[in-house]
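A quick write-up on the structure given underneath.
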Amino acid sequence: MTILPPKKAFVLAAGLGERMRPLTNECPKPLLTVGGKTMLDRVLDELAEVGVSEAVVNTFYLASMIEDHLSIRKFPKIVISRETELLDTGGGVNRMIDFFDDTPFYVLNADVVWTNGKKPTLTALADAWDSSKMDLLLLLYPLEKIQSYTGSGDYYLEERSDYPVFAKNKGKTANYVFAGPRIVHPRLFTGAPAGAFSFLELFHKAEQKRRLRGLRHDGKWHHISTPEAFIKVNQSYNSN
């Protein structure tokens with residue numbers, strides 16, 4: 001039986017950060033600082049807090065900057081997966097899937113900023129995980145609570161349900177956004193294509209099999225996709 005919380009994680013840090021330019025012209029987005037700490041270190045610190053011992057970090061854009069930054073970290077132990085071509089979110093994880101054997105693991109975006117709710121967010125995910133029922137568990141955040149967000153959301157979730165449905169595919173109006181943190185079982189990657197592909201394909205696969213669940217985030221969450229949003233989030237942290 002798998003003992004949770006997971007002891008391994010994958011952190012997505014290979015993206016180009018194009019929407020954040022000019023801030024990312026000479027600095028990869030995960031190394032931008034929010035409240036005196038890089039977004040990448042915030043994610044890794046959260047993993048360390050819940051006992052994750054090893055984390056794969058994939059790199060591509062300005063890879064040496066990220067790798068040099070991580071070289072001084074003591075915990076969790078960092079395993080670098082440097083991509084010679086962008087493999088997208090699904091392909092990047094799939095490249096290292098054997099590292100996780102047959103045990104569930106965290107997947108986190110290196111550019112997401114959140115605060116914990118009643119308990120550490122990653123602990124809450126682990127507590128909600130059930131390998132007998134799930135291949136994928138997503139952290140979801142209420143669309144109505146997001147500031148400076150112009151998107152239409154991702155998932156529709158009924159009030160007393162933990163079965164999210166991808167809104168665009170079901171003719172629904174989304175009321176939640178996918179917040180980034182998730183737990184995934186390696187079996188979800190069975191049959192996945194070689195090379196680049198989006199993790200969203202696996203979201204749909206899990207949903208179709210009724211093995212996708214969602215956990216509502218009870219802390220705060222910040223959507224940082226533009227320089228303007230980055231400035232606002234920093235102002236929020238600096239005023240606390």
From the list S161, S131, S198, exactly one residue is of a type outside the set (D, E, K, R) and under 22 Å from D111 (Cβ atoms). Which is it?
S198
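On the basis of being under 19 Å from the mean Cα position of the chain (by Cα) and without any contact (Cβ under 8 Å) to a residue 40 or more places away in the chain, does D154 make the cut?
On the way: under 19 Å from the mean Cα position of the chain (by Cα): yes; without any contact (Cβ under 8 Å) to a residue 40 or more places away in the chain: yes.
Taking the combined requirement at face value, the residue satisfies it.
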I need every pair where a residue in the range 95-121 that is without any contact (Cβ under 8 Å) to a residue 60 or more places away in the chain has its Cβ under 9 Å from the Cβ of a residue that is part of a strand (DSSP E or B) and surrounded by fewer than 19 Cβ atoms within 10 Å (Cβ to Cβ), sequence separation at least 6 or different chains.
none
State which residue is nearest to E46 (Cα to Cα) when the search covers only the range 179-199 and only residues that are modelled with pLDDT under 95 and within 16 Å of the chain's Cα centre (by Cα).
G180
Count of the range 1-25 residues which are charged (D, E, K, R), within 21 Å of R82 (Cβ to Cβ) and modelled with pLDDT of 95 or more
1
Check R160, R182 and return the single one that is buried (at least 16 other Cβ atoms within 10 Å of the Cβ) and of a type in the set (K, R).
R182
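Taking the range 105-119, which residues are more than 12 Å from the chain's Cα centre (by Cα) and crowded, with 16+ Cβ neighbours inside 10 Å? Let's see the steps before the verdict.
Step one: of the range 105-119, the residues more than 12 Å from the chain's Cα centre (by Cα) are 115-119.
Listed by number, the list holds a single entry, N116.
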Residue by residue through the range 16-52, note down the ones that are buried (at least 19 other Cβ atoms within 10 Å of the Cβ), in a strand (DSSP E or B) and either in contact (Cβ under 8 Å) with a residue 40 or more places away in the chain or of a type in the set (D, E, K, R) (or both).
V34
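Quick one: which residue in A55, A63, A13 is touching a residue at least 12 places away in the same chain (Cβ under 8 Å) and within 19 Å of P120 (Cβ to Cβ)? Steps first, please.
On the way: A63 fails: within 19 Å of P120 (Cβ to Cβ); A13 fails: within 19 Å of P120 (Cβ to Cβ).
Residue meeting the stated conditions: A55.
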For D135, only one of the following conditions fails: (1) closer than 30 Å to V233 by Cβ; (2) touching a helix residue (DSSP H, G or I) at 6+ places or on another chain (Cβ under 7 Å). What is its number?
(1)
Which residue pairs have Cβ atoms closer than 9 Å, lie 6 or more positions apart in sequence or on different chains, and pair a first residue in the range 181-205 that is farther than 28 Å from H222 by Cβ with a second residue that is assigned to a helix (DSSP H, G or I) and of a type in the set (D, E)?
P186/D98; A192/E201; P193/E201; G195/D88
If you take the residues of the range 125-135 that are touching a Lys or Arg at 6+ places or on another chain (Cβ under 8 Å) and hydrophobic (A, V, I, L, M, F, W, C), which of them is surrounded by the most Cβ atoms within 10 Å (Cβ to Cβ)?
L125
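Does G17 qualify as being out of contact with any strand residue (DSSP E or B) (no Cβ under 7 Å at 6 or more places or on another chain), small (G, A, S) and over 15 Å from P227 (Cα atoms)?
Working: out of contact with any strand residue (DSSP E or B) (no Cβ under 7 Å at 6 or more places or on another chain): yes; small (G, A, S): yes; over 15 Å from P227 (Cα atoms): no.
Spelling it out, it is not the case that G17 is out of contact with any strand residue (DSSP E or B) (no Cβ under 7 Å at 6 or more places or on another chain), small (G, A, S) and over 15 Å from P227 (Cα atoms).
The values are calculated or read from the model by the stated rules, or taken from the named source; none is laboratory data. Everything numeric in this text was worked out from a predicted model, so none of it was measured. For neighbour counting, all protein chains shown are included, and Cβ atoms are generated from backbone atoms with ideal geometry for every residue, glycine included.
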